[in-house]
Amino acid sequence: MWLTNNDFDVKPINKDGPFVFERRVADESPYSILVLEKPIDSVQTCFVSNGEGTIDGADVTNIEVNCVTDTFTIGGTV
C-alpha cells in the first residue's frame, strides 16, 4: 500500500506496524494523510483515522490505517 501526506510525500507500507514519513513538517503546518494506492492484488478497502490536522508543537503519532476485506453475498431466486 502507498500513503501520501499533503499529496507530495509518498510512503510505501509493506507490513503492519508503525510508519514515519521521510519529510518533516513545520510547526503549525497542516497535514493530510490519504491512501494513495491500496495493497496490490487486494480486495480491500482502507480507511485512515486521525489523518488530518495541524502540527501543534509535537510529533503526530495517532494516525491509524485499517483495511478490511471486501466481501459480498451470493444469492438468487428459485
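Bear in mind these aren't lab numbers, they're just calculated from the coordinates by the rules spelled out. None of these values were measured; they are calculated from a predicted model. Positions of Cβ are backbone-derived with ideal geometry, glycine not excepted, and every protein chain shown enters the neighbour counts.
Placing unit charges on the Cβ atoms of the charged side chains and taking the dipole of the chain about its Cα centre, the candidate lying farthest along the positive direction among Ile74, Ile13, Val35 is Ile74. Computing Rg and the Kirkwood Rh from the Cα coordinates of the chain gives a ratio, Rg/Rh, of 1.13.
Normalising the average separation of contacting C-alpha pairs (under 8 angstrom, six or more residues apart) by the number of residues puts the relative contact order of the chain at 27 percent.
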